[in-house]
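Enquirer: So that we are looking at the same thing, I have put the structure below in structure tokens.
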Amino acid sequence: MRTNNYLSRPLVINYAHLFLLVLLTTVCLSASGQNEKVERAALKLEIAANETDQYITDIPASRYFVKEKILQIYCGETLFVECEIQGDSIHKMQVVEKNLNPSKTIEINFSQSAEDRKNIRTNLSVRNPFEKKLSYQAFMFSPKSEQWVNTSIIPVLPKLVNYELWPHAIISLVLVEWKLE
């Protein structure tokens with residue numbers, strides 16, 4: 001009997017440890033995933049298209065990243081993009097609800113200034129939290145062209161914010177080819 005009691009006791013402790021380990025892992029994984037925002041909610045987008053016309057459309061619920069590291073942002077959105085860095089490159093990107101990790105989160109604000117309808121301006125600001133220059137490419141979709149057009153972007157220097165301005169309305173931008181240089 002002694003042998004059985006002695007052998008069964010470590011099993012109870014091991015199961016208790018295993019239960020605590022599984023519980024802790026589950027809590028940690030669900031806590032880290034709670035901040036991630038995979039999809040934007042459906043929204044009504046309304047911007048000034050030109051001096052006299054408004055551009056209004058319903059955007060269905062959709063993923064922020066249409067493919068890996070291909071981010072679509074609509075005018076009026078502010079996004080926090082948390083990055084996983086491996087070596088000198090951006091390995092993984094995800095949109096998060098809150099900027100809980102400022103040292104690895106790119107802040108992006110895409111807006112329109114149309115108080116003066118003769119001088120409509122679309123603005124993009126990108127904050128680079130990294131020690132290296134951040135570069136990417138951008139494609140824009142505007143009410144005027146109604147097709148995706150490549151647009152020039154200036155790389156964001158380390159630890160700074162870059163501002164891009166366009167003298168016309170833009171509905172959406174797709175940001176691709178993210179690199180640290």
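Enquirer: Under a plain spin-label model, where a point goes 7 Å from the Cα along Cα-to-Cβ, how far apart in nm are SER89 and LYS118?
Expert: 5.0
Enquirer: Follow-up question, since we're still on this one. Give me P(r) over region 115-181, computed from all C-alpha to C-alpha distances, binned every 10 Å, as integer percentages.
Expert: Taking all Cα pairs of region 115-181, the binned fractions are 20, 47, 26, 7 percent.
Enquirer: I've got another one for you. After finding the eigenvalues of the alpha carbon gyration tensor for region 23-181, what semi-axes result from the square roots of 5 times each, listed largest first in whole Å? Show your work: numbers first, answer last.
Expert: On the way: eigenvalues 171, 74, 33 Å².
After diagonalising the Cα gyration tensor, the semi-axes are 29, 19, 13 Å.
Enquirer: Counting alpha carbon pairs within less than 8 Å and at least 6 residues apart, what relative contact order, in whole percent, applies to region 33-181? Walk me through the numbers on the way to the answer.
Expert: Numbers: 360 pairs, mean separation 35.4, N = 149.
In percent, rounded to a whole number, it is 24.
Enquirer: So with the 1.4 Å probe, I'd like the accessible area per residue for region 46-117, rounded to whole Å². Could the numbers behind the result be given before it?
Expert: On the way: 3980 Å² over 72 residues.
Per-residue accessible area for region 46-117 comes out at 55 Å².
The values are calculated or read from the model by the stated rules, or taken from the named source; none is laboratory data. Worth saying up front: this structure is predicted, and the values here are computed from it rather than measured. Virtual Cβ from ideal backbone geometry, glycine too; neighbours counted across all protein chains shown. Ligands, DNA and RNA are stripped out before the accessible areas are found, and what is left, the full protein with its side chains, is counted by its heavy atoms. Shrake-Rupley method; radii C 1.70, N 1.55, O 1.52, S 1.80 Å.
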